[in-house]
Each structure stands twice: as structure tokens, then as C-alpha cells.
Amino acid sequence: MTTALLLCSGGLDSTTLAFWLREREIELVPIFLDYGQHCVEKEWSTLTQVLLIQGLLPPERIDVSGIFRGSRSRLIIEPDLWSEPVDDGDLYIPYRTLLFFR
């Protein structure tokens, strides 16, 4: 049996990939990165519920939020969408994808 690390967010893409890999009998080791996003608890809750319902391993949660503590990204500091405009640039977190490289 093949084993794969799966970086999971609880979103549609990683959830779909988890099911796709499971159908192919690939053992998953799900990893969740807490980078300080304001919605982290909702993402974590959704991810654990979905994976556990399907009998997959529970995800390992890794806290890397200290790296982005000073970020002004609206993914870190939740905006009040009723009174604050948010555009694409406000959602950028510099070098976030570099966490996936070794």
C-alpha cells in the first residue's frame, strides 16, 4: 500500500483529493497547518468531521502561526465585511506556499 501526506484545509480541493486517494487505496496522513488564519477553528472543525466520518486518520495540526504574527493580511486579521472593503491584495500572505517546500 502506498502512503501519502495530504496537506488539508477542510476546503473543497483537499477534501476531494482525500476521497480520490482513498478510492485508490492510498493511505493518507493528513496534515493541517495553522498559520494564524482568523477562521482556523472553523477549518479545523470541518476537516476533522469530514475525515473522521469517512474513517480516515485524524489530521495532525501543526501551528506555524508565529511566522505570520505581524501580517496585515485579512486572512489573519478578520475584516468587518459590512464596513471594510477587501480586495484580492488584502488576502495575500507572503511566502505562505514556501511552507510546503523542504
Give the angle, between 0 and 90 degrees and rounded to the nearest 10, that separates the Cα long axis of helix 12-23 from the longest principal axis of the Cα atoms of the chain. 10
On the principal axes of its Cα set, how long, how wide and how thick is segment 1-72? Give whole Å, largest value first. 42, 20, 17
If you roll a 1.4 angstrom probe over the protein chains with everything in place, what fraction of the accessible area of the chain belongs to carbon and sulfur, to the nearest %? 57
Before I look further, what does the chain give for accessible area per residue, probe 1.4 Å, in whole square angstrom? 71
Restricting to DSSP loop positions (anything but H, G, I, E, B) with no more than 16 other Cβ atoms inside 10 Å of their own Cβ, which chymotrypsin sites (Phe, Trp or Tyr not before Pro) remain in the chain? W82, Y92, Y95, F101
Output for segment 12-102: GluC sites (Glu not before Pro) sitting in coil per DSSP, at most 13 other Cβ within 10 Å, listed by number, reads E25
The chain - mean residue ellipticity at 222 nm from DSSP helices (-39,500 (n - 2.57) per run, n ≥ 4, rounded to 500): -8000 deg cm²/dmol
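The values are calculated or read from the model by the stated rules, or taken from the named source; none is laboratory data. Computed from a predicted model, the values in this text were never measured in an experiment. Backbone-built Cβ (ideal geometry, glycine too); neighbour counts: all protein chains shown. Just so you know, the surface numbers come from the protein's heavy atoms only, side chains and all, with ligands and any DNA or RNA stripped out. Shrake-Rupley method; radii C 1.70, N 1.55, O 1.52, S 1.80 Å.
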